[in-house]
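**Q** Pasting a structure below so you can have a look.
The values are calculated or read from the model by the stated rules, or taken from the named source; none is laboratory data. These numbers come from a predicted model, not from an experiment. Cβ coordinates were reconstructed from backbone atoms using ideal geometry, including for glycine residues, and neighbour counts include every protein chain displayed.
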Amino acid sequence: MSNKTATIVGAGLVGSLWAVYLSKAGYKVTIVERRPDIRKADISAGKSINLALSTRGWKALDTVGVGDEIRKMAIPMYGRMMHDLQGNLSYQPYGKEGQAIFSVSRGGLNAKMMDIAEQVGNAQIFYNERCTGVDLEKGIVYTEHSETKEKKVYHSDVVFAADGAFSAVRYNSMQTLDRFDYSQKYIEDGYREILLPANSDGSYPLEKNALHIWPRGRFMLIALANENGSFTCTLFMPMKGEKSFERLKTKADVNEFFQTTFPDFYKMMPNIADAWENHPLSALAIIRCYPWTHGKTALMGDAAHATVPFYGQGMNCGFEDCTVMWELMQKHKEDWPKVFEEYQILRKPDGDGVQDLSLQNYHVMRDYVADPMFQLQKKIEARFSEKHPDKWMPVYSQVTFSHIRYSDAFKAGNRQDEIMKAVMAKFPDIEKVWDSEEVEKEILKSI
């Protein structure tokens with residue numbers, strides 16, 4: 001029996017998965033979680049924005065052999081389905097033939113990951129325990145039970161803070177360090193969820209294997225399928241202003257907004273105004289900080305690099321933290337000071353990169369996906385990439401279907417966008433000649 005010990009603060013997705021990795025390396029793992037056990041509560045499918053699992057996330061799950069368990073609950077989405085004001089549909093595949101991202105319910109996945117942490121990772125999870133502070137140098141975690149107020153102290157060789165965007169470890173302990181950089185920026189938009197029920201016969205009201213988007217300029221609605229025939233829908237919109245959440249005060253306001261803005265959705269869900277208050281209005285923030293490690297303690301996932309959800313990469317990036325930390329554990333033979341130092345130097349640019357990509361993709365989803373020239377640009381890119389895979393991979397594919405670093409993908413994507421715009425501008429009749437040899441040669445010349 002090994003006497004190596006680790007404490008993880010947060011039994012969310014990253015904390016639960018990381019417990020399996022540590023157990024595999026012979027650590028006795030303790031997890032403290034401020035919430036009650038969500039498996040004992042009634043989790044509705046639309047509890048929180050559905051997640052989109054992609055290549056990075058699958059690699060992290062498969063490395064410790066738990067991917068197949070998650071595949072049982074994941075629904076493949078092969079592309080975006082756009083809904084215009086008239087209810088017309090247009091489809092954009094995400095990648096090459098057969099490539100998909102996978103819709104999973106956050107609540108369902110979190111419950112399953114906790115099961116895996118306990119059964120595969122032999123972790124012990126203590127619920128309703130709020131972290132009140134950490135002695136970063138000594139690896140001591142202090143908690144208080146939310147109901148009994150009992151105080152506890154956990155000593156271990158290493159501590160991992162996987163306790164989310166508003167991390168108690170970061171707030172109570174890291175942010176008291178000298179020269180600790182921290183910024184928290186809310187974007188103008190918030191979101192509200194809506195659960196679109198299954199049809200009366202249990203079938204799906206929309207195409208199940210696509211991510212549905214209703215792009216409307218300054219705001220948008222998206223929908224991802226659940227296992228039970230329903231869809232978790234999310235409306236992203238400014239918090240304040242002419243067309244904003246603050247203007248939707250009454251049921252009549254909500255009805256009129258959906259009738260005029262999303263008429264095909266309103267037909268499927270004429271009782272939208274009654275369901276409007278079922279989920280809270282939530283804000284969206286990007287949180288940046290550094291360093292991510294100190295003494296025996298490291299931040300992982302959202303605690304280190306919380307982002308907005310517009311690339312579907314928040315969870316994938318957190319899972320990739322596990323992959324990277326694991327590889328460094330092997331490289332440095334668990335010499336934790338070396339592991340932690342290289343981890344933060346390596347991952348910080350990618351934490352920033354995923355945030356930059358997420359903000360950029362918000363504008364793409366909101367403003368550009370419905371634009372015919374944008375759609376044409378994507379078509380030209382896809383064709384060129386197919387013919388010259390060694391010279392061009394679309395940025396979406398770099399982020400979603402590869403292990404290229406987020407920071408590199410962000411830079412490459414911006415460069416590619418400049419090339420494409422310049423090439424398209426050279427051909428006044430680009431709509432007619434987009435798939436010609438001349439256009440192809442022009443791109444090759446520009447690379």
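**Q** Where residues in the range 98-139 are in a strand (DSSP E or B) and aliphatic (A, V, I, L, M), which of them is nearest to SER23 (Cα to Cα)?
**A** Checking each candidate, the answer is ILE125.
**Q** GLU256: assigned by TED's automatic domain parsing to the domain that holds ASP352, of a type outside the set (Val, Ile, Thr), on the phi < 0 side of the Ramachandran plot and without any contact (Cβ under 8 Å) to a residue 12 or more places away in the chain, yes or no?
**A** No.
**Q** While we're here: Considering only residues of the range 74-86 that are hydrophobic (A, V, I, L, M, F, W, C) and buried (at least 17 other Cβ atoms within 10 Å of the Cβ), which is farthest from LEU109 (Cα to Cα)?
**A** Initially, the range 74-86 is screened for residues hydrophobic (A, V, I, L, M, F, W, C), giving 74-75, 77, 81-82, 85.
Checking the rest, the ones that are also buried (at least 17 other Cβ atoms within 10 Å of the Cβ) come to 74-75, 77, 81-82.
Values: ALA74: 9, ILE75: 12, MET77: 17, MET81: 24, MET82: 27 Å.
For the range 74-86, the residue satisfying everything is MET82.
**Q** Which of (1) part of a strand (DSSP E or B); (2) closer than 15 Å to GLN355 by Cα does THR307 not meet, given it meets every other one?
**A** Condition not satisfied by THR307: (1).
**Q** Please work out which residue is farthest from TYR27 (Cα to Cα), limiting yourself to the range 140-181 and to residues that are among the polar types (S, T, N, Q) and in a loop (DSSP other than H, G, I, E, B).
**A** Among residues in the range 140-181 that are among the polar types (S, T, N, Q) and in a loop (DSSP other than H, G, I, E, B), the one farthest from TYR27 (Cα to Cα) is THR148.
**Q** Filter the range 126-148 down to residues that are hydrophobic (A, V, I, L, M, F, W, C) and surrounded by 20 or more Cβ atoms within 10 Å (Cβ to Cβ), then give me how many there are.
**A** Just the residues of the range 126-148 that are hydrophobic (A, V, I, L, M, F, W, C), to begin with: 126, 131, 134, 136, 140-141.
Okay, now just the ones that are also surrounded by 20 or more Cβ atoms within 10 Å (Cβ to Cβ), so 131, 134, 136, 141.
So the count comes out to 4.
**Q** Quickly run through the range 219-257 and pick out the residues that are assigned to a helix (DSSP H, G or I) and in contact with a strand residue (DSSP E or B) (Cβ under 9 Å, 6 or more places away or on another chain).
**A** Selection gives PHE245, GLU246.
**Q** Further, regarding this structure: So, ILE187, is that one of a type in the set (A, V, I, L, M), part of a strand (DSSP E or B), more than 23 Å from ALA100 (Cα to Cα) and touching a Leu at 6+ places or on another chain (Cβ under 6 Å) or not?
**A** The answer is yes for ILE187.
**Q** Would you be able to say whether some residue in the range 354-368 is over 16 Å from the mean Cα position of the chain (by Cα), buried (at least 21 other Cβ atoms within 10 Å of the Cβ) and either of a type in the set (Val, Ile, Thr) or assigned to a loop (DSSP other than H, G, I, E, B) (or both)?
**A** So far as the range 354-368 goes, no, none of its residues is over 16 Å from the mean Cα position of the chain (by Cα), buried (at least 21 other Cβ atoms within 10 Å of the Cβ) and either of a type in the set (Val, Ile, Thr) or assigned to a loop (DSSP other than H, G, I, E, B) (or both).
**Q** If you take the residues of the range 369-401 that are closer than 21 Å to HIS83 by Cβ and touching a Pro at 6+ places or on another chain (Cβ under 6 Å), which of them is surrounded by the most Cβ atoms within 10 Å (Cβ to Cβ)?
**A** Checked the range 369-401; the qualifying residue surrounded by the most Cβ atoms within 10 Å (Cβ to Cβ) is ALA370.
**Q** Any residue in the range 239-252 that is β-branched (Val, Ile, Thr), more than 18 Å from ARG192 (Cβ to Cβ) and either in contact with a Lys or Arg (Cβ under 9 Å, 6 or more places away or on another chain) or free of Cβ contacts under 8 Å to residues at least 24 places away in the same chain (or both)?
**A** Looking through the range 239-252, none of the residues is β-branched (Val, Ile, Thr), more than 18 Å from ARG192 (Cβ to Cβ) and either in contact with a Lys or Arg (Cβ under 9 Å, 6 or more places away or on another chain) or free of Cβ contacts under 8 Å to residues at least 24 places away in the same chain (or both).
**Q** Moving to a separate point now. Given the criterion surrounded by fewer than 13 Cβ atoms within 10 Å (Cβ to Cβ) and either among the basic types (Lys, Arg) or out of contact with any Pro (no Cβ under 8 Å at 6 or more places or on another chain) (or both), identify the matching residue among LYS243, LYS151, LYS251, LYS208.
**A** Checking each option against the conditions leaves just LYS151.
**Q** Test of understanding: among ARG56, ARG34, which residue is within 16 Å of the chain's Cα centre (by Cα), crowded, with 16+ Cβ neighbours inside 10 Å and either part of a loop (DSSP other than H, G, I, E, B) or modelled with pLDDT of 95 or more (or both)?
**A** None of the others qualify; the one that does is ARG56.
**Q** Given the criteria over 30 Å from MET393 (Cα atoms) and either without any contact (Cβ under 8 Å) to a residue 40 or more places away in the chain or touching a Lys or Arg at 6+ places or on another chain (Cβ under 8 Å) (or both), does ALA111 qualify?
**A** Answer is yes for this residue.
**Q** At least 2 residues that are closer than 19 Å to LYS96 by Cβ and at pLDDT 95 or above in each: list the helices (runs of 4 or more DSSP H) lying fully within the range 389-447 that qualify.
**A** In the range 389-447, 395-400, 406-425, 437-446 are the helices (runs of 4 or more DSSP H) which contain 2 or more residues that are closer than 19 Å to LYS96 by Cβ and at pLDDT 95 or above.
**Q** Here are PRO349, PRO280: which of them is part of a loop (DSSP other than H, G, I, E, B) and touching a residue at least 12 places away in the same chain (Cβ under 8 Å)?
**A** From the options PRO349, PRO280, the qualifying one is PRO280.
**Q** Is the range 350-366 home to any residue that is touching a strand residue (DSSP E or B) at 6+ places or on another chain (Cβ under 6 Å) and at pLDDT 95 or above?
**A** Looking for residues that are touching a strand residue (DSSP E or B) at 6+ places or on another chain (Cβ under 6 Å) and at pLDDT 95 or above, one finds at least one in the range 350-366, hence yes.
For (1) among the β-branched types (Val, Ile, Thr); (2) at pLDDT 95 or above; (3) out of contact with any strand residue (DSSP E or B) (no Cβ under 6 Å at 6 or more places or on another chain), each residue gets a yes or a no:
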site: GLY108; (1), (2), (3): no, no, yes
site: THR132; (1), (2), (3): yes, yes, no
site: TYR142; (1), (2), (3): no, yes, no
site: TYR154; (1), (2), (3): no, yes, no
site: ALA168; (1), (2), (3): no, yes, no
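**Q** Now a separate question. Might you check whether a residue that is modelled with pLDDT under 95, surrounded by 24 or more Cβ atoms within 10 Å (Cβ to Cβ) and touching a strand residue (DSSP E or B) at 6+ places or on another chain (Cβ under 6 Å) occurs anywhere in the range 309-321?
**A** Yes: the range 309-321 contains one or more residues that are modelled with pLDDT under 95, surrounded by 24 or more Cβ atoms within 10 Å (Cβ to Cβ) and touching a strand residue (DSSP E or B) at 6+ places or on another chain (Cβ under 6 Å).
**Q** Considering (1) touching a residue at least 60 places away in the same chain (Cβ under 8 Å); (2) in a loop (DSSP other than H, G, I, E, B), say which one LEU195 fails and leave the rest.
**A** Going through the list (1) touching a residue at least 60 places away in the same chain (Cβ under 8 Å); (2) in a loop (DSSP other than H, G, I, E, B), LEU195 breaks only (2).
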